[in-house]
Amino acid sequence: MSIVNLVQRTTPSTSDLSRQEMRDAVPDLCRKISECRPKAVCFVGLGIYEIFAAQTKPTPGLQPVVYDLSEAEAGKPPLRPLAPNEALNSDEPPQFAYLFVMPSTSGRTTTYQNPEKLMYFKQLRYIRDCVSHSPPRPIDESTLADLGPQHKSRYFKQE
């Protein structure tokens, strides 16, 4: 796994970046993803993924689309639905990257509380373990559901 910023400028908050500035940075991030060919990409913050995928109101967790590494388009993320039973193959370079969206980890964000954020980190660890296994294991939706929340709100209470 690697970590990369969408915009290469330090700011106290994401709100200090304009939506246009973030949109302008998408082609460079696409280039980095296509060159590095990761098996999974995690976006920290729903707003960042919303800009990247041009999707309104994304939900946290594993996304129903993947980044198609075989389809490089200038400036536009090549997203496509994950086909049923599609999985990574260890015998060849990855053809796609799973996309995972994590709620913001900032203490300023109160929509998701720490116990819920921890559950998303557990889901991300499970995905990492699946894709880094040799050969890669398919990601099981029921295991993800057992590990963490399924799009809960700020009123989520750990039982």
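Below, the figures for the structure above:
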| read-out | value |
| --- | --- |
| Of the criteria (1) in contact with a Lys or Arg (Cβ under 7 Å, 6 or more places away or on another chain); (2) surrounded by fewer than 19 Cβ atoms within 10 Å (Cβ to Cβ); (3) not aliphatic (A, V, I, L, M), which one TYR112 fails | (2) |
| Matching residues, the range 88-109, being open to solvent by less than 40 Å² (accessible area, probe 1.4 Å) and either modelled with pLDDT under 75 or assigned to a loop (DSSP other than H, G, I, E, B) (or both) | LEU88, PRO94, PRO103, SER104 |
| Positions within the range 13-38 being closer than 16 Å to GLU71 by Cβ and among the small types (Gly, Ala, Ser), in sequence order | SER34 |
| Check on TYR98, of a type outside the set (Gly, Ala, Ser) and either within 21 Å of GLU116 (Cα to Cα) or touching a residue at least 40 places away in the same chain (Cβ under 8 Å) (or both) | yes |
| Where a residue in the range 124-147 is in contact (Cβ under 8 Å) with a residue 40 or more places away in the chain and its partner, wherever it lies, is of a type in the set (Asp, Glu) and open to solvent by 80 Å² or more (accessible area, probe 1.4 Å), with Cβ under 9 Å and at least six apart | PRO135/ASP91 |
| Test: residue in the range 55-69 that is in contact (Cβ under 8 Å) with a residue 40 or more places away in the chain, outside any helix (DSSP H, G or I) and small (Gly, Ala, Ser) | yes |
| Top-ranked residue of the range 102-131 - restricted to ones that are among the small types (Gly, Ala, Ser) and more than 16 Å from the chain's Cα centre (by Cα), ranked as nearest to TYR49 (Cα to Cα) | SER106 |
| Some residue of the range 74-83 being out of contact with any His (no Cβ under 8 Å at 6 or more places or on another chain), touching a residue at least 24 places away in the same chain (Cβ under 8 Å) and under 19 Å from PRO138 (Cβ atoms) | no |
| Any hit, the range 139-152, residues being in contact with a Pro (Cβ under 7 Å, 6 or more places away or on another chain) and at pLDDT below 80 | yes |
| Counted residues, the range 1-43 - those being touching a residue at least 24 places away in the same chain (Cβ under 8 Å), open to solvent by 80 Å² or more (accessible area, probe 1.4 Å) and among the hydrophobic types (A, V, I, L, M, F, W, C) | 2 |
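The values are calculated or read from the model by the stated rules, or taken from the named source; none is laboratory data. All values derive from a computational prediction rather than experimental measurement. Heads up, the Cβs are rebuilt from the backbone with ideal geometry, glycines too, and the neighbour counts pull from every protein chain shown. When the accessible area is computed, the model is the full protein with side chains, heavy atoms only, and any ligands, DNA or RNA have been set aside. Shrake-Rupley method; radii C 1.70, N 1.55, O 1.52, S 1.80 Å.
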